[in-house]
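Trainee: Structure incoming, see below.
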Amino acid sequence: MEDRFLYSELEDTIFIMIEGNATMKNSKTLSDLLKQIFDGEKKNLVFEMSKCNYLDSTFLGLIAKCALEIKKKWSSTLYIMNASNMVMNGLKQTGIDKFIEKLEDENLDIEATEIEKSDFSERKDKTLYILEMHKTLVDLNDKNKETFKNVVDMIEKDLEKQNK
């Protein structure tokens, strides 16, 4: 299955279907779209994840950032629909499950458009982004501080090298 994101809007709800692997390699595509969404008027936001095979920690950080942004900006909740056990385990292990609402609807049948892929033009921008997503996870709880401390330290050292 191809890694991709599909977009659909139905009344006051935006659906984003996440298919394949959701990783640091493709998360900028969704991050760019979320910036546009948050610049618009309040909507319900649903991540439909029935075809999501894998989430890495950078993508989990993006989900956490999105959930926190929705709560802060719109006093609303991010909805995760049709998540597999693997996806839910990742959300639970990082504590993100406390900031989202889980939905089940196996009959979801909506027209959706594939989101055009985007990536970082500079390695440093990508490194800063990955660092931001991991710091978002670290800020969620003490367990994540311990889990991702080495990752954050490694990314910060990489940034120091890039700045020399």
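Values quoted throughout were computed directly from the atomic coordinates according to the rules given, and no laboratory measurement underlies them. Just so you know, these numbers come straight off a predicted model, no measurement behind them. Cβ placement follows ideal geometry from the backbone for every residue including glycine, while neighbour counts extend to all protein chains displayed.
Trainee: Identify which of E111, E11, E132 has the largest mean-square fluctuation in a Gaussian network model of the chain, with springs joining Cα atoms closer than 10 Å.
Mentor: In the Gaussian network model the winner is E11.
Trainee: Could you run the Karplus curve 6.51 cos²θ - 1.76 cosθ + 1.60 with θ = phi - 60° over the stretch 11-22 and give me ³J(HN,Hα) per residue in whole Hz, x for Gly and Pro?
Mentor: 6, 9, 10, 9, 10, 10, 8, 10, 10, x, 9, 10
Trainee: If you take the Cα atoms of the stretch 7-87, find Rg, then find the Kirkwood Rh from the mean of 1/r over all pairs, what is Rg/Rh?
Mentor: Answer for the stretch 7-87: 0.93.
Trainee: Right, next: If R₀ is 30 angstrom, what is the calculated FRET efficiency for the pair L10 and L128, using the beta carbon separation as r and rounding to 0.05?
Mentor: Details: r = 35 Å, r/R0 = 1.15.
Taking R0 as 30 Å, the efficiency between L10 and L128 is 0.30.
Trainee: Gap in Å between the Cα centre of the stretch 87-120 and the Cα centre of the stretch 5-79?
Mentor: 7
Trainee: Of the listed peptides 82-88, 123-129, what is their order by residue-averaged count of other C-beta atoms within 10 Å, with the highest listed first?
Mentor: Numbers: 82-88: 16.7, 123-129: 14.6.
Ranking, from highest mean packing down: 82-88, 123-129.
Trainee: Here's a follow-up. Taking only Cα atoms, what is the 0 to 90° angle, nearest 10, from helix 27-39's long axis to the longest principal axis of the chain?
Mentor: 60
Trainee: Quick check: residue separation of M1 and F38 times 0.36 nm, minus the Cα distance between them. What number comes out in nm? Intermediate values should be presented prior to the final figure.
Mentor: Numbers: separation 37, 0.36 × 37 = 13.32 nm, distance 2.91 nm.
Extra length from M1 to F38 when fully extended: 10.4 nm.
Trainee: Here's something else I'd like to know. Among the listed pairs K43/K126; K51/K143; K72/K124; K43/K65; K28/K51, give every one whose C-alpha distance is greater than 26 Å.
Mentor: In this structure, K43/K126; K51/K143; K72/K124 exceed 26 Å between Cα atoms.
Trainee: Okay, moving on. Whose amide H sits under 5 Å from the amide H of D3, counting only residues 5 or more places off or on another chain, with H placed in the peptide plane?
Mentor: Distant-sequence amide H within range of D3: N21.
Trainee: Continuing with the same structure: Which whole-Hz couplings ³J(HN,Hα) result when phi for each residue of the stretch 67-72 is put into the Karplus expression 6.51 cos²θ - 1.76 cosθ + 1.60, θ = phi - 60°, listed in order with x for Gly and Pro?
Mentor: Rounded to whole hertz, the list is 4, 5, 5, 5, 5, 6.
Trainee: A further question on this structure: Just order 153-160, 90-97, 73-80 by mean Cβ neighbour count inside 10 Å, highest at the front, would you?
Mentor: Peptide ranking by packing, descending: 90-97, 73-80, 153-160.
Trainee: Report the equivalent ellipsoid semi-axes for the chain in whole Å, largest first, defined as the square roots of five times the eigenvalues of the gyration tensor built from alpha carbon atoms.
Mentor: In descending order the semi-axes read 26, 18, 15 Å.
Trainee: Sticking with this structure for a sec: Assigning unit charges at the beta carbon (Lys, Arg +1; Asp, Glu -1) and nothing else, what dipole magnitude in debye, to the nearest 20, does the chain show about its Cα centre? Write out the running numbers ahead of the final one.
Mentor: On the way: 25 positive and 32 negative charges, 195 e Å.
That gives a dipole near 940 debye.
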